[in-house]
């Protein structure tokens, strides 16, 4: 029973980490709007069992996402409040998020 719990926790941590990596990569490339089905397909190619509904649940507490709907995921751009308002602040935030995602992936 304990092994099952550990595998489930590891799966969830890997899922969240890989989702963060996708979002941070998109944001670092200058993408602030992305279609959820694109992320779902990428996650499925990585071996995750995910659909748009479960993606929306995962995005609720994600700090890189301003708002998410089944049609669109919107992340803060360099000129939007909540990320600092300047390109330097945005780069710092993206760097910090990338480091957090990387450290989660290494554990």
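The values are calculated or read from the model by the stated rules, or taken from the named source; none is laboratory data. Computed from a predicted structure; not experimentally measured. Neighbour counts run over all protein chains shown; Cβ positions are idealised from the backbone, glycine included.
Descriptive notes on the structure:
- Filter pass, residue 70 being at pLDDT below 70, touching a helix residue (DSSP H, G or I) at 6+ places or on another chain (Cβ under 6 Å) and not in a helix (DSSP H, G or I): no
- Cross-chain or 6+ apart pairs with Cβ under 8 Å, the range 43-63 first and free of Cβ contacts under 8 Å to residues at least 60 places away in the same chain, then loosely packed, with under 12 Cβ neighbours inside 10 Å: 56/69
- The range 29-45: number of residues that are loosely packed, with under 13 Cβ neighbours inside 10 Å and under 14 Å from residue 15 (Cβ atoms): 2
- When the residues of the range 26-36 are filtered to those that are assigned to a helix (DSSP H, G or I) and either closer than 17 Å to residue 92 by Cβ or touching a residue at least 60 places away in the same chain (Cβ under 8 Å) (or both), the one that is farthest from the chain's Cα centre (by Cα) is 28.
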